[in-house]
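Undergrad: For reference, the structure I am asking about is given below.
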Number of protein chains: 2
Amino acid sequence: MLKDNWKELSLKARKIYEDSLHETLKLFPFDEETLKEFQKLPSAIGTSVTDFGAPASSPIEEYKRVLPNKTAEITETDPYDLVQLIKKGKYSCMEVLNAYFHAAIIASKLTNCVYEFLPQESLKVAKYLDDNFDELKDKLPLFGLPFSIKEMIPFVNRSVTHGSLCYLDRVVDYNADIVEILLKSGANAFVRTTNPQSLMMLECESYTHGRTVNPFNSTLTCGGSSGGEGALNGIGGSAIGLGSDIGGSIRCPSAFNGIYGLRLTVGRLPTGDYMSCQMGSEAILSVTGPLTRSLDLLELFTKTIIDSKPWTIDPTLASIEWKPEPKDKEFKIGILSHDGVVAPHPPVKRALNLVKEKLMELDNVEVFEFTPYDHARAQKIITSLYFEDGGADTKNTLLDTGEPMCEQTKWALGNENVKPLTFPEQWKLNIEKQKYRKEYLKYWNQFEADAIIAPVFPGPAAKHRTAKYWGYTSQWNLLDYPVLVFPVTKVDLDLDHPDSEYKPLNDIDEFTYKQYDSAKSFENAPVCLGAVGLRNTEEKLITIGKILRDIN
Amino acid sequence: MLKDNWKELSLKARKIYEDSLHETLKLFPFDEETLKEFQKLPSAIGTSVTDFGAPASSPIEEYKRVLPNKTAEITETDPYDLVQLIKKGKYSCMEVLNAYFHAAIIASKLTNCVYEFLPQESLKVAKYLDDNFDELKDKLPLFGLPFSIKEMIPFVNRSVTHGSLCYLDRVVDYNADIVEILLKSGANAFVRTTNPQSLMMLECESYTHGRTVNPFNSTLTCGGSSGGEGALNGIGGSAIGLGSDIGGSIRCPSAFNGIYGLRLTVGRLPTGDYMSCQMGSEAILSVTGPLTRSLDLLELFTKTIIDSKPWTIDPTLASIEWKPEPKDKEFKIGILSHDGVVAPHPPVKRALNLVKEKLMELDNVEVFEFTPYDHARAQKIITSLYFEDGGADTKNTLLDTGEPMCEQTKWALGNENVKPLTFPEQWKLNIEKQKYRKEYLKYWNQFEADAIIAPVFPGPAAKHRTAKYWGYTSQWNLLDYPVLVFPVTKVDLDLDHPDSEYKPLNDIDEFTYKQYDSAKSFENAPVCLGAVGLRNTEEKLITIGKILRDIN
């Protein structure tokens, strides 16, 4: 752990970003006109990490305006189709990489979503793939696919900070297993994305990068902790990205940016070598998963990793093969309209109704109202188990450098259930956790439900520093149920009026309720929902996602 | 937790046993001649739990002498074949239950292996099955099979002490999930077997029952902690039994009593509702599994439980179906002759050579010498993680009642690595555990081995209070690898001379070496070995077990 003053370290972090940008622009230069436009763009990257810049109110509009047509032709193609086009020889891997670098560079300035670019590494891979096109195109399922990775995922010769400046010199000498598998499958890691201080927030602020904003509305957060992934994929600057999730960190950024995201069951994808605070803590396990605009790519990507039999290299995994779920069967799907703790905002309520109505039109789907089973109890258990040491390890990362604690970190550590545990206390909480899991399974089995459609967050993307209620995501972490986030609609200024009659149930409900002061505040924000299933039913959730996509 | 004086409680525990015996003899009476012989038998059950009685030197000889022919016809039939015979109508469930009660009553007096009998419950089940023979015999795979269960496994309306008197009033109102599954599959729980104080010993001594001895040689231990299961199944008084294993507790009792035993991978069979000290501790997980004379029954029994899809009721399980492994394929099998810490005794060495030679005769098996990968490190990690509280929870069970600590409990808690951990210390150990697991998997993969044949313990059954080295079993708990224990030979007075030249490598090696003072001390003791596989390869281990059985 570094002991230098945090301000000096933050300058070093910023230099890592700038050097990598500079190198990328040298190897993958813009044409003159685009460069000029790029230089004029409003920036979410300030002069220092405490300066959040002056982002455009709608970064994605600027992005679409500035993105050259030839680039857009590639990056706006559905990323699944793009892989097929590369394999057919329509685009070379190098062309695709070049396009995605340009898209990511523009996205990065507009939203501050990139931690660093990987120009040399990805150039080498793209060249190798192009040079061996005939031999490899049919062997490698992800041939030429550029993908982004959350900063906390080890990448060889790069430092891994997970948002804490004291780790800026922790340069790893290996790739995470999943990164290796993806590279061997023909995918190409081209950029590392931003994540927040300590990773324990549903937003994306840190002293290693500043603040990542939502590409649809910069007064809103992009979500977190896989915030950079959410913003970059949401705007269209990556084909697919890898995030991680211990309380909502894949799902919130997916939902806030209008894309697909998959939180898999523990034990399906290798995560054991990721880095974070409290490393070695096993009471609540983090999982990894993809965020992307393309559901077909999400499936191919996940299937490819599982088809590689990752349990033969990562002993924490279960040897459960990928088994596609047929579309033409009967499904019973529940609707969770309210978790009994915090009421969803009007746009989310509307999205639930939209999906419910769509599902009810289908002959092979039975829809029912799913009543939640004591979700407040789940919150108490999981928040007690997140920080077994009362947060000391997280606090220690700030101690020597003087790095300030972000407001959202304070919020997570300040939860009334966070306190240093003794082992008997932790054992008792583990028993409560197992008991709740068993009761919930029994409860769910009564309905014989294939999936539950539920909010991912009470509202659309939250205003900065207000994403405080985790219950709609951390519920499923406690149960270890997989969730597929899928886009439904966007905030509608005519339809999504605040409910002035609502009487909040409790403090956090009141706080959340008050955030939704007008539809205007959330203008353009995407609205997503989650399909939740029992453990190891990811294949079924994807099929349900496809059914929902295809009724559109 | 009870606070009464331990001596009073031990009398109550003894009364539970005696009442259940009395009731059983009333419902399933011996004929007069057998009763007379039974009454004359030398008893391993003393006048109190601190009196270990005066067992016969070879209990199994007495057992075979006294067991009536008609009883033996049933109980000496291979238990797998027996199930088929019941289904064909050759024996009724009641006849079989009656025979097994008689066998178990005799076995119990000779070895002190029964905690209590379940006459009323099992009578009801047998009657029900017989009354519905035509309808159920083909539906229930385990129709009429009597099975025994280790005392720590919850059985409705019975107290669960796991060897600690303070829990004598902890009467549970449910059956463990696995017991329910077995009952629904037609099996019939008829007896609860002894387990030692705190469960953390490879022997079977407690103040709830006294001491269980080895049926082949009563100067030796039956092993532990599933010690009653080992002795009862080894002598032939149960068709199959359920044990549990966190450091060798299924495997040692199997090996010491010359039977098959299977330690499955975590997550294949439901164990979440078993009871023990340190409940809720998750750093090292206990698993359940069968002990039996019949490999075919072991397979049917395990397959039946997994075919019931136990993951639909127990959320700790992985949904991995049972997939039989074909016999007619190529196998690569390693021989682990020495773990690098403690040398096996001469009979175990001879057994390893016997198996090696047999395997080398087979065309479809490639045999190689497997060099262990730093097993000493595994010992250090697992002994540090067994008692996260330094053993306080175990010690607390003795505090109020004044129950003395058994010598073997003292040994387990006195290990130099046992100390109260802080969370950062435990996290560090978890990281070491995961690192070791990953390294070991990589190491194993180099050999592309299907299985490793290894000792289960340095020697055959240990002399009482000397089973101190756990390394040959706890190694695989740390790695979470499944192990099938299988019988190989028995101690040979002519062949198994002590190695007078051996120079011990360390203190525990010296202690262990000195125990093997003569073959005579271990006369009649069975010698078993274990087939170890990668996680979730139980089916393969069973096939290898069958190959080995069938070359005999």
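No value in this document is a laboratory result; all are computed from the given coordinates. Everything quoted here is computed from the prediction, not taken from an experiment. When we count neighbours, we look across all protein chains shown, and the Cβ atoms used for this are built from the backbone with ideal geometry, even at glycine.
Undergrad: Determine the dipole magnitude for the stretch A:177-284: charges of +1 sit on the beta-carbon of Lys and Arg, -1 on that of Asp and Glu, nothing else is charged, the reference point is the Cα centre, and the result goes in debye to the nearest 20.
TA: My answer is approximately 220 debye.
Undergrad: Dipole of the stretch A:331-551, Cα-centred, from +1 at each Lys and Arg C-beta and -1 at each Asp and Glu C-beta, to the nearest 20 debye?
TA: 300 debye
Undergrad: Further question: Out of the DSSP beta bridges found with both residues in the stretch B:331-551, what percent are antiparallel (nearest 5)?
TA: Bridges in the stretch B:331-551 that DSSP calls antiparallel: roughly 60 percent.
Undergrad: Compute the distance from the alpha-carbon center of the stretch A:24-44 to that of the stretch A:470-493, in whole Å.
TA: Using only Cα atoms, the two centres lie 36 Å from each other.
Undergrad: Shifting gears a bit: Could you give log10 I(q)/I(0) at q = 0.11, 0.12 Å⁻¹ for the stretch B:12-312, computed by the Debye formula over C-alpha point scatterers of equal weight, without solvent?
TA: -0.56, -0.68
Undergrad: Another question about this same structure. How high is the relative contact order of chain B, in percent, with contacts defined as C-alpha pairs under 8 Å that are six or more residues apart?
TA: 16 percent
Undergrad: What residues qualify as long-range amide H neighbours of B:Tyr91, i.e. H under 5 Å apart, gap of 5 or more or another chain, H built at 1.01 Å from N?
TA: Sorted by chain and number, the residues that satisfy this are B:Ile86.
Undergrad: Just to check I understand the Karplus step: with θ = phi - 60° and J = 6.51 cos²θ - 1.76 cosθ + 1.60, what whole-Hz values come out for the stretch A:361-366, glycine and proline as x?
TA: For the stretch A:361-366, the Karplus curve yields 6, 8, 5, 9, 10, 9 Hz.
Undergrad: Between exposed GluC sites (Glu not before Pro) in chain A, where DSSP calls loop and at most 12 other Cβ atoms lie within 10 Å, what's the longest gap?
TA: A:1-320
Undergrad: Another one. B:Arg437: net charge of surrounding residues, Cβ under 14 Å, Lys/Arg +1, Asp/Glu -1, itself excluded?
TA: Net charge around B:Arg437: -2.
Undergrad: Can you list which of the trypsin sites (Lys or Arg not before Pro) found in the stretch A:3-35 are DSSP loop residues with at most 15 other C-beta atoms within 10 Å?
TA: Loop-located and lightly packed - A:Lys3.
Undergrad: I would also like to ask the following. Assign unit charges at the C-beta atoms only (+1 for Lys and Arg, -1 for Asp and Glu), then state the dipole size of chain A relative to its Cα centre in Debye, rounded to the nearest 20.
TA: 340 debye
Undergrad: Karplus couplings for the stretch B:133-145 from phi (6.51 cos²θ - 1.76 cosθ + 1.60, θ = phi - 60°), rounded to Hz, Gly and Pro as x?
TA: 3, 4, 6, 9, 4, 8, 7, 9, x, 10, 3, x, 7
Undergrad: Separate question: Could you give me D for the stretch B:206-296, from Stokes-Einstein at 25 °C and 0.890 mPa s, where the hydrodynamic radius is the Kirkwood radius over C-alpha pairs? Units µm² s⁻¹, please.
TA: 184 µm²/s
Undergrad: For the stretch A:128-191, what is the per residue volume of the convex hull drawn over the alpha-carbon atoms, in cubic angstrom?
TA: Spelled out: Cα convex hull of the stretch A:128-191, divided by residues, is 78 Å³.
Undergrad: Hey, another quick one. Which shape class, rounded, prolate or oblate, goes with chain A when its Cα gyration tensor gives a ≥ b ≥ c as root eigenvalues, a/c under 1.5 marks rounded, and past that a/b bigger than b/c marks prolate?
TA: Rounded, since a/c falls under 1.5.
Undergrad: I need the per residue convex hull volume for the stretch B:29-88, using only the alpha carbons, in cubic angstrom as a whole number.
TA: In the stretch B:29-88, the Cα hull volume divided by residue count equals 131 Å³.
Undergrad: Counting only helical runs of four or more DSSP H residues, what would the 222 nm mean residue ellipticity of chain A come to if each run contributes -39,500 (n - 2.57) and the total is spread over all its residues?
TA: -12500 deg cm²/dmol
Undergrad: Normalized C-alpha radius of gyration of the stretch A:367-486, against 2.2 N^0.38 Å?
TA: After normalising by residue count via 2.2 N^0.38 Å, the value is 1.24.
Undergrad: Using +1 at the C-beta of Lys and Arg and -1 at the C-beta of Asp and Glu, which of B:Met360, B:Val341, B:Thr401 has the Cα lying farthest in the positive direction of the dipole of the stretch B:331-551?
TA: So the residue furthest toward the plus end is B:Thr401.
Undergrad: Right, something else. Work out the charge dipole of the protein assembly as shown with +1 on the Cβ of Lys and Arg and -1 on the Cβ of Asp and Glu about the Cα centre, then indicate which of A:Tyr100, A:Val160, B:Thr473 is farthest towards its positive end.
TA: Positive-end residue among those listed: A:Val160.
Undergrad: How many percent of DSSP beta bridges within chain B run antiparallel, rounded to 5?
TA: DSSP beta bridges in chain B are roughly 65 percent antiparallel.
Undergrad: So what's the projected area for the stretch A:331-551, the Cα convex hull averaged over all directions, in nm²?
TA: So the mean shadow area of the Cα hull is 13.9 nm².
Undergrad: Still on this structure, I have one more. Among B:Pro315, B:Val213, B:Leu541, whose Cα projects farthest towards the positive end of the dipole of chain B, with charges put on the beta-carbon of Lys, Arg (+1) and Asp, Glu (-1)?
TA: After comparing all options, I get B:Pro315.
Undergrad: Excluding A:Thr383 itself, what net charge comes from residues whose Cβ is under 13 Å from its Cβ, given Lys and Arg +1 and Asp and Glu -1?
TA: +2
Undergrad: With bins 5 Å wide starting at 0, give me the P(r) of the stretch B:488-552 over every alpha carbon pair, in whole percents.
TA: Result returned by the calculation: 3, 14, 16, 15, 15, 13, 15, 8, 0.
Undergrad: From the label point of B:Arg549, set 7 Å along Cα to the beta carbon, how far off in nm is each other copy's matching point, shortest first?
TA: Shortest to longest, the spacings are 5.0 nm.
Undergrad: If you don't mind, there's one more thing I want to ask. From Cα coordinates alone, what are the radius of gyration and Dmax values for the protein assembly as shown in angstrom?
TA: That works out to 31.9, 108 Å for Rg and Dmax.
Undergrad: Under the convention of a label 7 Å out along Cα→Cβ, give the distances in nm from A:Tyr128 to the same position in every other copy, shortest first.
TA: Going from nearest to farthest copy, the values are 6.3 nm.
Undergrad: Give the chain A residue with the shortest beta-carbon distance to the rotation axis relating chain A to chain B, plus that distance as a whole number of Å.
TA: Per the Cβ-to-axis criterion, the result reads A:Ala318, 2.
Undergrad: Now, a different point. For the stretch B:475-552, which chymotrypsin sites (Phe, Trp or Tyr not before Pro) pass both filters: DSSP loop (anything but H, G, I, E, B) and at most 16 other C-beta atoms within 10 Å?
TA: Answer in residue order: B:Tyr502.
Undergrad: Could you tally the net charge around A:Asp131, taking each other residue with its Cβ under 13 Å from the Cβ of A:Asp131, Lys/Arg +1 and Asp/Glu -1?
TA: 0
Undergrad: Just want to confirm a number: the relative contact order over the stretch B:446-536, from Cα pairs under 8 angstrom separated by 6+ residues, in percent.
TA: RCO, the stretch B:446-536: 50 percent.
Undergrad: Of the trypsin sites (Lys or Arg not before Pro) in the stretch B:56-154, which ones lie in a loop per DSSP and count no more than 12 other C-beta atoms within 10 Å?
TA: When the trypsin sites (Lys or Arg not before Pro) of the stretch B:56-154 are filtered for loop state and at most 12 Cβ neighbours within 10 Å, B:Lys139 remain.
Undergrad: Hey, for B:Glu73 with labels 7 Å out along Cα-Cβ, what do the inter-copy distances come to in nm, ordered shortest first?
TA: Nearest first, the other copies' label points are 8.9 nm away.
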